[in-house]
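Read-outs throughout are calculated quantities, based only on the coordinates presented, and are distinct from any laboratory measurement. This one's a predicted model, so the numbers in the text were calculated from it and none came from an experiment. So basically every Cβ, Gly included, is an ideal-geometry build from the backbone, and we count neighbours across all protein chains shown.
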Amino acid sequence: MAIEAFLPAAVGHSMRPMRKATTERAGVRLLLMVIALAFLGFFLFLPLVMVFVEAFRNGMSAYWTALAEPDTVAAIRLTLTVAAIAVPLNLIFGVAAAWAIAKFEFKGKAFLITLIDLPFSVSPVIAGLVYVLLFGAGSALGPWLKSHGIEILFAVPGIVLATIFVTFPFVARELIPLMQEQGTGDEEAAISLGASGWQTFWYVTLPNIKWGLLYGVLLCNARAMGEFGAVSVVSGRIRGLTTTMPLQVEILYNEYNAGAAFAVASLLAMLALVTLVLKGILEYRFGDSIAARKH
Amino acid sequence: MAAALSSAGWRMKKPSVIPGFGRTLGFTLAYLSLIVLIPLSGVIWRSASLGWAELVAIASDERTRQALKVSFGASLIAATINVVFGTIVAWVLVRYRFPGKRVVDAVVDLPFALPTAVAGISLTAIYAHNGWIGSLAASFGIKLAFTPVGIVIALIFIGLPFVVRTVQPVMEEIDKEVEEAAATLGAHRLQIVARVILPGLMPAILTGYALAFARAVGEYGSVIFIAGNIPYVSEIAPLLIVIRLEEYNYAGATAIAAMMLAISFAMLLVINLLQAWSRRRFGHGD
């Protein structure tokens, strides 16, 4: 796909005599294109535009006032804090898991990969429920935690745990296929030349995987900051304390304060746009070194 | 722990000069167990300890059954729509050239990046009776938001990229020579698409279907704003879990969760079998 853009027009021209065999008639092409673009327009593009239309409906000053609200500021701070804890932890996990899985041959590897992907196939609400059952009042741990004054549920630790759960596979699943494709030759060479394990990782492996790593972190971060279902179950929605930005959107919306809800939502939409742009740049510039599937 | 693992791993794994196997695998297993496996097994343990009588009572509760029906029904419809239009979108992106293609291609990933709550309120604003499209539909007497149709709209949004991104790379790999050969043998375009191209794409299309469906069944954030959440009509199973939890009815919440997990697992198993069958039947592809 990337190559197509660089092909001179003449290549397309020389293919013209065969067009009937490998493409549709012009009318059908136009029809399919209109269907595809209309579908994307109604279901994807319009919702994105709508966020900003609604956010700025009442003017710039209303927009800034909504964002300067203390509860909203606290929500922004909490979202950044949660992502700052969850993303690095899943980054370390992703690198460790990919190292073990891609650099060694051992039994049960395929099963381990399936288990790592598990959080993707669990509903976010169930991800939250899982921690409620583990730490809630009715659990075995609940009373003990309470008597020791440790708050996990309806507090920041619970939100962090739920976020880690839903973003768990992101970095690992980018790195595993990439590192499997790169093989073990470089590392074996480095080790045989006397490098230590850390040196090998730092100077040989990391430069090979850095763009793929960044790609995984980007997706992980977008989900971590935007997670709603899992976090809403464990948060308890204490305003200014345990509401993340997506929860703040919900609270404001349910209070019929749509303008403020969309103002907060617009920040998250901008995060999504930045994520998409960076993702596009990474795929375009470093497509070959991101993942095995992007050739 | 790491030492025990590396000595256990010694028999399990091929020898290698690269260090760090015990440490990285040990950390991986420990982290995986702490964050995912132990908490998840809690749900299974809890629902197993409910006992049959209680489980059956919750399962036969009319509101639960309706919520499951709404969740799985809307997900099936949305995944089916996504398979049809997602395949067309992938085809257009792979085969045709048009201005702004790179932007369109990037927009496909929007549902991966846009938080579900944001998508939810935005879709509601568009499809509600006073929204851009909702008012249009309302003039024909059709209500979109706050009905099961609204649920399907939200599920189309979140499921679309799964289909496109699964089908697209396989489509790019299709060898045009096969199409040319079919054409030389006198097949016209529709025959080539139906009998040469689509069969090769079937495994990928089914995978995309499974992924979109699985994601849709568990979806919560984008749905609850647009659904209207009327019990028995437009209340999805994940929302009912949340409601039960807010009532401190942990048994009820766990039972619904267990049923959701069981039904999704069974459906994914069926789709996996279909996929294996289609791979055998149609040969190449994913």
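Some points to look at:
- Using equal-weight Cα scatterers in the Debye expression, the normalised intensity of region B:81-232 in log10 at q = 0.21 Å⁻¹ is -1.24.
- Net charge, A:Leu193 excluded, C-beta distance under 12 Å - Lys, Arg +1, Asp, Glu -1: -3
- Shape call, region A:10-152: gyration tensor on alpha carbons, a/c limit 1.5: oblate
- Whether region A:79-152 is rounded, prolate or oblate, judged on the alpha carbon gyration tensor where a/c under 1.5 counts as rounded: prolate
- Compactness of region B:84-172 - radius of gyration and Dmax, Cα, Å: 15.0, 43
- Gap separating the Cα centres of region B:233-286 and region B:184-203, nearest whole Å: 34 Å
- Residues B:Lys13, B:Lys69 arranged by fewest to most Cβ contacts within 10 Å: B:Lys69, B:Lys13
- Counting beta carbons within 10 Å around each of A:His148, B:His188 and listing the fewest first gives the order A:His148, B:His188.
- Reach of B:Lys69 by Cα under 14 Å, taken over aspartates and glutamates that are not fewer than 8 positions away in the same chain: B:Asp61, B:Glu235
- For the peptide A:51-64, the mean number of other protein chain Cβ atoms found within 10 angstrom of a residue's Cβ is 1.
- Computed from the alpha carbon atoms alone, the convex hull of chain B holds 219 Å³ per residue.
- Within straight-line cross-link reach of A:Lys109, lysines at Cα separation under 18 Å, skipping those fewer than 8 residues along the same chain: B:Lys13, B:Lys14
- At 0.890 mPa s and 25 °C, Stokes D of the protein assembly as shown from Kirkwood alpha-carbon radius, µm² per second: 96 µm²/s
- Span-rule helices in chain A, defined as complete DSSP H runs reaching 24 Å or more along the axis (Cα) with Kyte mean at least 1.6: A:258-286
- Global geometry of chain A, whether rounded, prolate or oblate, following the gyration tensor of its Cα atoms and the 1.5 cut on a/c: oblate
- For chain B, built as a Gaussian network whose Cα springs stay under 10 Å, the top-fluctuating residue of B:Gly228, B:Gly73, B:Gly20: B:Gly20
- Taking every residue in A:97-107 and counting other chain Cβ atoms within 10 Å of its Cβ, the average works out to 6.
- Calculated FRET value between A:Val73 and B:Glu180, using beta carbons and R₀ = 60 Å, to 0.05: 0.45
- In plain terms, the residue of A:Asp288, B:Asp105 with the fewest other Cβ atoms within 10 Å comes first and the most crowded comes last, giving A:Asp288, B:Asp105.
- Exercise: per-residue mean of other protein chain Cβ atoms within 10 Å, B:43-51: 2
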